[in-house]
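The next block holds one structure in the form of structure tokens; read it before the comments.
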Amino acid sequence: MHFLSPILESYIANSSENEPELLQELTRETHLKVIQPRMITGHFQGRVLSMLSKIINPNYILEIGTYTGYSALCLAEGLQKEGELHTIEVNEELHQMQRKYFDKSGFGPQIKQHIGDALEIIPSLNQTFDLVFIDAQKVNYDAYFEAVLQKTKPGSVILSDNVLWSGKVVEPIQKSDKATDALLKYNQKLKEDSRVETVLLPIRDGLTLSRVL
């Protein structure tokens, strides 16, 4: 679902920072070679992630759901000089494409790839993360949030993607639609959770920004 007209979306993108050429190249290859290319972050949201990361200037970033690496590259733009970005992806077939673009970007040595179940990997990480981006299986958002909360500190920021879920969060729910049900519960939880303060931004498919208290 497009919440704004295509003309307005185009105007917003054209009035924001240009999309880096490397990310344009990654987008083309993703559409040519990977199933469900609409999952890629894209120009405007990518620039939003980049700007937020630059404002936060994190030493450690955690991303849950790498896909082909677009959002990781955007988030890496704000890393401190000696910082690290840890990104987790369940689909090992995407590993080589991710690494190719990570290395071409110049952030390669700072980006650490993890393949497998995020809920198993997160507890094994020893870092305390300044910035977290959750963009994986929607039914696990609550579990991801609880896991990463143990790896953050006051002032850390947790971003949650796709929280409007193509507008399904304000439509009647089908009994079989576990993802929408999970997101509705997750959105309500973040609003009421005293451990964070939260604002839901109507960016693309919905992006929640939560600050750890």
Charge tally for neighbours of Met97 with beta carbon under 14 Å away, counting Lys, Arg as +1 and Asp, Glu as -1, is -1
Can you give the accessible area of Ser124 in Å² (nearest 10), computed on protein heavy atoms with a 1.4 Å probe? 80
Take His31, His86 and sort them by solvent-accessible surface of the protein heavy atoms, 1.4 Å probe, largest at the top. His31, His86
Expected max-MSF residue from Gln96, Gln127, Gln45 in the GNM of the chain (alpha carbon, under 10 Å) is Gln96
Taking placed amide H atoms and a strict 5 Å upper bound, the residues 5 or more places from Leu201 or on another chain that come that close are Leu207, Thr208, Leu209
Among Ile55, Ile134, Ile158, which one shows the biggest mean-square fluctuation in a GNM of the chain, springs joining Cα atoms closer than 10 Å? Ile55
Tell me the accessible surface of Thr128 in square angstrom (1.4 angstrom probe, heavy atoms of protein chains only), to the nearest ten. 70
Suppose R0 equals 22 Å. What FRET efficiency, 1/(1 + (r/R0)^6) with r the Cβ-Cβ distance, do Lys185 and Val90 give to the nearest 0.05? 0.50
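Which value, in debye to the nearest 20, describes the size of the charge dipole of the range 61-174 about its Cα centre when Lys and Arg Cβ atoms bear +1, Asp and Glu Cβ atoms bear -1, and nothing else is charged?
Once rounded to the nearest 20, the dipole reads 220 debye.
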Ranked from the most accessible area to the least, with a 1.4 Å probe and all protein chains present, what is the order of Phe44, Phe145? Phe44, Phe145
When the charge dipole of the range 40-116 is computed with +1 at the Cβ of Lys and Arg and -1 at the Cβ of Asp and Glu, the Cα pointing farthest to the positive end, of Ile115, Gln98, Gly42, is that of Gly42
Please report the antiparallel percentage of the DSSP beta bridges confined to the chain, to the nearest 5. 40
Taking 0.36 nm per intervening residue step and subtracting the Cα-Cα distance, what contour gain separates Phe3 from Lys153 on full extension? 50.6 nm
For Asp161, what charge total do you get from the other residues with a beta carbon under 9 Å from its beta carbon, if Lys and Arg give +1 and Asp and Glu give -1? -1
From DSSP H assignment alone, runs of 4+ in the chain each adding -39500 (n - 2.57), the sum over residues rounded to the nearest 500 puts [θ] at 222 nm at -11500 deg cm²/dmol
If you build a Gaussian network model of the chain, linking Cα atoms that sit under 10 Å apart, which residue out of Ser160, Ser176, Ser105 swings the most? Ser176
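Which of the three applies to the range 1-81, rounded, prolate or oblate, going by the alpha-carbon gyration tensor with a ≥ b ≥ c and a/c under 1.5 meaning rounded?
Details: a/c = 1.88, a/b = 1.23, b/c = 1.53.
In terms of gyration-tensor shape, oblate.
The values are calculated or read from the model by the stated rules, or taken from the named source; none is laboratory data. Fair warning: this is a prediction, and the values are worked out from it, not measured in the lab. We place every Cβ from the backbone using ideal geometry, glycine too, and count neighbours over all the protein chains shown. We work out accessible area using only protein heavy atoms, side chains counted, and drop any ligands, DNA or RNA first. Shrake-Rupley method; radii C 1.70, N 1.55, O 1.52, S 1.80 Å.
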